[in-house]
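What follows is a single structure, written as structure tokens, with notes after it.
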Amino acid sequence: MSDHHTIPAQERIVIIGAGNMATQLAIALDNAHCKIVQIYNRTLAAADALRRQLQQEVSITDYISEICHDATLYLFSVSDNALPGLIDKIQGNDALWIHTAGSMESEIFRDKTPHYGVLYPMQTVHKSRKTDWRGVPIFIEASDEQAGKRIEALATHISENVIRCDSAQRRAVHLAAVFACNFSNHMYAIAARLLEAQDISFDVMKLLIRETETKAEQMAPLDAQTGPAIRHDENVMKKHLALLEGTPEEELYRLISLDIERYGQNKNITNNQTKNL
Ligand SMILES: NC(=O)c1ccc[n+]([C@@H]2O[C@H](COP(=O)([O-])OP(=O)(O)OC[C@H]3O[C@@H](n4cnc5c(N)ncnc54)[C@H](OP(=O)(O)O)[C@@H]3O)[C@@H](O)[C@H]2O)c1
């Protein structure tokens, strides 16, 4: 085994949080035989549910004062809103402190420990669905080289696709992921509602969604765009807007259609410029 593979076996890890990400990361680390000594969570029942999914014996607590001080690594995976306040309440030490957020600074740990960083898995993760970590990009950032090596070693136990980045890159990746994943999924939710109102199952959308994904993987998303907005079919867009009249989706439809047209126009400008060169 290479040096960076041996490091996590020596880590004694405290998991802070027992939500979607904490659960799936803890299961992955447990499967990789990393030592988890404790799970802290505000709600004990969630920590207990997580503990029961692990193969090793792990203590749990819902008291911040009971978080053990002699661990080597503290993995925070809580709501981004709660993260700074929680860190504030935990006694500092010289262990490695890391969080899993795409858009939170690593410096929030600076007053607590000299060694800190970020392990941001760019995947949509839910407690109820076992995450397949193979190939999942994990973006890491560290306060110092030693911390970087330890975070890389830990991340390598979860996925082989570990990418070192800086804060600006991580923020951009997170923002892009919100558009590509969270917003796309919200569009599915809107589609499901529109169909439900006409007693049609969301199942009819599934092949369309799959083909949209496949196209985005195989060609530039900008080139893959179809639909009334990119064709400038104003008559059809008017009909759609009439169907949505007075609903929050009316404004959303207008904004997104305008943006699709804007992207289409910019694409033509770029293509023309390229042609002229
Ligand atoms: N899920 C994803 O797909 C995903 C992907 C990439 C990164 N992340 C990152 O992972 C982190 C956790 O996200 P998640 O999706 O796992 O969230 P989540 O499922 O909503 O879980 C939130 C966790 O934060 C705790 N929490 C919330 N408010 C708290 C407070 N005021 N004080 C103490 N603890 C509090 C919750 O405790 P209770 O059980 O007591 O409510 C729970 O353990 C975030 O930094 C997020 O950006 C998530």
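The values are calculated or read from the model by the stated rules, or taken from the named source; none is laboratory data. Since this is a predicted model, take the numbers as computed values, not measurements. Quick reminder, even Gly has a Cβ in these numbers, built from the backbone with ideal geometry, and neighbours come from all protein chains shown.
Here are the numbers:
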| read-out | value |
| --- | --- |
| Filter result (away from the ligand (no atom under 15 Å from the Cβ) and among the acidic types (Asp, Glu)) within the stretch 117-157 | 144, 145, 152 |
| Positions within the stretch 54-74 being in contact (Cβ under 8 Å) with a residue 40 or more places away in the chain and of a type in the set (Asp, Glu), in sequence order | 70 |
| Meets criteria (part of a loop (DSSP other than H, G, I, E, B) and in contact with a Gly (Cβ under 9 Å, 6 or more places away or on another chain)) for residue 132 | no |
| Of all residues making up the stretch 202-250, the number that are touching a helix residue (DSSP H, G or I) at 6+ places or on another chain (Cβ under 7 Å) and of a type in the set (S, T, N, Q) | 1 |
| Some residue of the stretch 51-73 being surrounded by 12 or more Cβ atoms within 10 Å (Cβ to Cβ), assigned by TED's automatic domain parsing to the domain that holds residue 115, under 24 Å from the mean Cα position of the chain (by Cα) and of a type in the set (Ser, Thr, Tyr) | no |
| Those residues of the stretch 114-131 which are over 15 Å from residue 178 (Cα atoms) and surrounded by fewer than 17 Cβ atoms within 10 Å (Cβ to Cβ), in sequence order | 114, 126, 128, 129, 130 |
| The lone exception for residue 219 - which of (1) surrounded by fewer than 10 Cβ atoms within 10 Å (Cβ to Cβ); (2) at negative phi it fails | (1) |
